[in-house]
Every structure is written in structure tokens, then in C-alpha cells.
Amino acid sequence: MTMDFGQIRRNEHLPTRIATQIARDIVEGRILPGDKLPTEHVLAKGFGVSRSVVREAIAQLRNEGLVETRQGVGAFVTEQRTRPSIRIEQDDLDDRESFRELFQLRLPLEIEAAGLAAVHHDAGDLEKLDGTLAAMTGADKWTSQGIIADLAFHRVLAAATKNEYFTLFIGFIAERISLAINAARAAAVLEEIVEVTIAEHLAIREAVASRDPHKAREAMRRHLLGATGRLGLQLESY
């Protein structure tokens, strides 16, 4: 399968579009540091979407360091000095080579994260991984909820390293990769790609649970190379 990168633009899902709009307002100063974002209800009504879509958009902004959420209070724009100094605009990834380079960065990051997670995870991390896998394999696995669960798996794995920088960078990249997952599903036989992807994630989970970092790294390598192959991309891997 060769990916038509025009599909990524056409398949850009609603949370990303909303997050991009809010991020632009923050970067351009229309929403200031310390400002509280409108409630989920107000944002959902303003954008004409469901609250779950808004919730996912806020999660993306949080991963990018643009907002912080306070339990029971809401989401607030972070101070500029506390934000990561990187930002990748979604338009930049319409280009095949730029997208391949993002995946190339993902390869060493997530392979190393899998190995560290195998060593440092606790029972709570495994429980969360199992929760994402249950969502990936449940009745909603054919829908966008399956994609959300897929990305959540990678974020949970990053958190299991006990290194917050893995969580930050992998979470940041995952939101961009979500568009590729949508495009890959659109360009393949859905049943085949979903079942293969689930099997790859199960193999990673079992390797992490066994506390074998070498096995976990290899399982993640197979998954990422399989994912890039399904996108018609080729990475350098040694």
C-alpha cells in the first residue's frame, strides 16, 4: 500500500482541527497565559461538536504543553516559559518526507520507551495498558474510539518508563500520528489492519509484563516497522 498524503489532510479528525484552532489563538495572543479556557460545554456548542471531541482536543493541547488541566476546575493556558520550545504544525506533515522523518524520530524513542517500561512499570501501568487494549479490541475497535485507544496505549507505555520526558515527547508525536492511522485505515481492508495492529500491541504488552526489555524493544520495533510499511514509508533501521 502506498499512502496518498492528501488523505491525511482530508481525514484530519475533529479534535485535531479544534486543538489547532485553539493553539493558534494561544500562540497569536488572543488567549493569554493564565486564562481559563471556556468549559467543555461552551466549546462543544461553539464548535458544533460533542464534548468528547472537545475533551480529546484539550488532551492534545495538554500534551503539547499549551494548557494545564486542574481537576474539577478546568483548563488553563500555561505560562510561555513553561512550554516546550517545539511545535509541529499539522500542515507541515502533508509532505511525505516530513512525515517519514517524524516516524524516523518515533522509532528510537518508542523502542527505548518499551525497554524502559519493561523494567520500570508497576501494576497500575499494566492495568492501564490492559484498559487501552480492552478498548482496542472491544465493539468500538472499528471506529475512531479504536484509534484513541491505540494512541492511549503508547502514552501509557511512555508513562511506565517513569521518565516524564518520554511521556511529553511521545504524547506530542502521537497526536500527529493519529492522522496517519486514520489515513491507513481508509486505504486498507479495515478488518485486516485492525487485527494486525491489535496483535502487535498485545505482543508489546506481553513483553513488557514479562519484564524483558530486549523482548519489549523488539516487539515495539516490529510494530513500528509494520505501521510504517502499512503507510508505504521506509525507515532506516539498524
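For the peptides 166-174, 130-138, residues were scored by their other Cβ atoms within 10 Å and the scores averaged per peptide; the highest-first order is 166-174, 130-138. The shape of the range 6-82 comes out oblate: with a ≥ b ≥ c from the C-alpha gyration tensor, a/c is at least 1.5 while a/b does not beat b/c.
Where a number appears in this text, it was derived from the coordinates with a stated rule and is not lab data. Fair warning: this is a prediction, and the values are worked out from it, not measured in the lab. Reconstructed Cβ throughout: ideal geometry from the backbone, glycine too, with neighbour counts over all protein chains shown.
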